[in-house]
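FYI, it's all coordinate maths here, none of it is from the lab. If you're wondering where the values come from, they're calculated on a predicted model, not measured in any experiment. Because the Cβ atoms are built from the backbone with ideal geometry, glycine has one as well, and the counts that use them run over all protein chains shown.
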Amino acid sequence: EHTYETILVEQKGAVTLITINRPQALNALNSQVLADLIDAFAAFEADETQGCAVLTGAGEKAFAAGADIKEMADKPASDFFNEDFFSKWTSHVVKTTRKPWIAAVNGFALGGGCELAMMADFIIASENAKFGQPEIKLGVAPGMGGSQRLTRAVGKAKAMDMCLTGRMMDAAEAERSGLVTRVVPLADLLTDALKTAETIAAMPPMAAKVNKEMVNAAYETTLDQGLLFERRAFQILTASDDKAEGMKAFIEKRPGVWKGK
Ligand code: CAA
């Protein structure tokens, strides 16, 4: 197994657990974390034994307290522009991962940390989780999707409130607002997230990828186009061995055995 500088990666059966491991900096996201996550997500995607991943933060305080402010403080604007700073988060971590993954948010998810959590297919939060887009207080604004994904997740009123005041949203408000699927005690967070990931990893793998693509399509397109995409993708899945097996297994009252074909 590969070792990384800023993250820990463990395989637990068919589930890959990825832990951002810079607790002394509240798991702030610097360029090494980005490079490590790109590698780890690519390895997860390529490994046929792995069906779902969980991303969390080391320690009890933070999932990630944002992009690394110390790394950005003295960087000239031309570097941000010429590197197209933050573009790889979306283009690599999100766009190239077709398998499902869950963010298990165990504390602060601020700025880039909140944005990274929102890149996951869904978020499970601990009771002490806190979400926020405090970039305005640093004289900037979200750069890894916060203004777009937060608005889609919680609507304009709350997204404006969060971005303009920089305030934090606690776990209960995040659940009420539809940002997270559920809130669990911190002590149960990883157990819950890993169990959920195991359930997903045990599903027919092609169907898992297609279900994920379908829900994501709802964010990108019109209702008519989305419904068409859904029907066509459904129809394509009916050609799979796993569809034949899944329906046969149901009728024979036994669990299906998947081939991923
Ligand atoms: N970048 C770099 N270092 C960070 C960091 C960050 N985003 N967040 C925390 N740290 C560091 C602190 O500097 C501190 O390091 P030292 O011990 O070396 O001083 C260590 O982590 C512990 O942090 P605090 O002492 O501040 O802990 P606290 O409990 O008093 O406060 C906190 C916790 C409220 C989360 C506070 O750390 C904080 O406000 N952090 C910054 C949050 C933020 O502004 N995030 C947005 C970043 S910009 C961004 O993300 C852009 C984007 O859109 C992608």
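Which residue, Asn106, Leu223, Ala120, has the largest displacement toward the positive end of the dipole of the chain when charges sit on each Cβ (Lys, Arg +1; Asp, Glu -1)? Positive-most Cα among the choices belongs to Leu223. Think of each Lys and Arg Cβ as +1 and each Asp and Glu Cβ as -1; about the Cα centre, that makes the dipole of the stretch 90-221 roughly 320 debye.
Counting only Cβ charges, +1 for Lys and Arg and -1 for Asp and Glu, the dipole size of the stretch 193-250 around its Cα centre is about 80 debye. Under a Gaussian network description of the chain, with springs only between Cα atoms under 10 Å, the residue in Thr196, Thr19, Thr221 that fluctuates furthest is Thr221. Taken about its Cα centre, the chain carries a charge dipole of roughly 780 debye when the Cβ of each Lys and Arg holds +1 and the Cβ of each Asp and Glu holds -1.
Across the stretch 229-261, the residues whose backbone nitrogen lies under 19 Å from the label position 7 Å along the beta-carbon direction of Arg98 are 229-244, 258-261. A viscosity of 1.567 mPa s and a temperature of 4 °C, combined with the Kirkwood radius over C-alpha pairs in the Stokes-Einstein formula, give the stretch 119-161 a diffusion coefficient of 112 µm²/s.
Mean projection of the alpha-carbon convex hull of the stretch 20-130 over all orientations, in nm²? Hull-based average projected area comes out at 6.9 nm². The length gained on full extension between Phe250 and Thr191, counted as 0.36 nm times the residue separation minus their Cα-Cα distance, comes to 18.4 nm. Result for the chain in a Gaussian network model with C-alpha springs under 10 Å: among Ala207, Ala103, Ala249, the largest mean-square fluctuation is at Ala249. Over all other residues within a Cβ to Cβ distance under 12 Å of Gly226, the charged ones net out to -2, with Lys and Arg as +1 and Asp and Glu as -1. Taking Ile38, Ile69, Ile251 in turn, the Gaussian network model of the chain (Cα-Cα springs below 10 Å) assigns the largest fluctuation to Ile251. Counting charges near Pro142 (Lys, Arg +1; Asp, Glu -1) among other residues having Cβ under 10 Å from its Cβ returns a value of -1.
With one equal scatterer per alpha carbon and no solvent term, the Debye-computed log10 I(q)/I(0) for the chain at 0.09, 0.12 1/Å reads -0.42, -0.74.
Descending by average beta-carbon neighbour count within 10 Å, the peptides 111-123, 225-237 line up as 111-123, 225-237, the highest first. For the residue pairs Lys75/Lys156; Lys75/Lys99; Lys195/Lys253, the C-alpha atoms sit more than 29 angstrom apart in Lys75/Lys156; Lys75/Lys99. Working note: Karplus 6.51/-1.76/1.60 with θ = phi - 60° gives the stretch 23-34 the couplings x, 5, 10, 6, 6, 4, 8, 9, 5, 5, 4, 4 Hz, where Gly and Pro are set to x. When the square roots of the Cα gyration tensor eigenvalues are ordered a ≥ b ≥ c, the ratio a/c for the stretch 152-261 is 1.5 or more and a/b does not exceed b/c, which makes its shape oblate. Neighbours of Gly107, meaning other residues whose beta-carbon lies under 14 angstrom from its beta-carbon, give a summed charge of 0 when Lys and Arg score +1 and Asp and Glu score -1.
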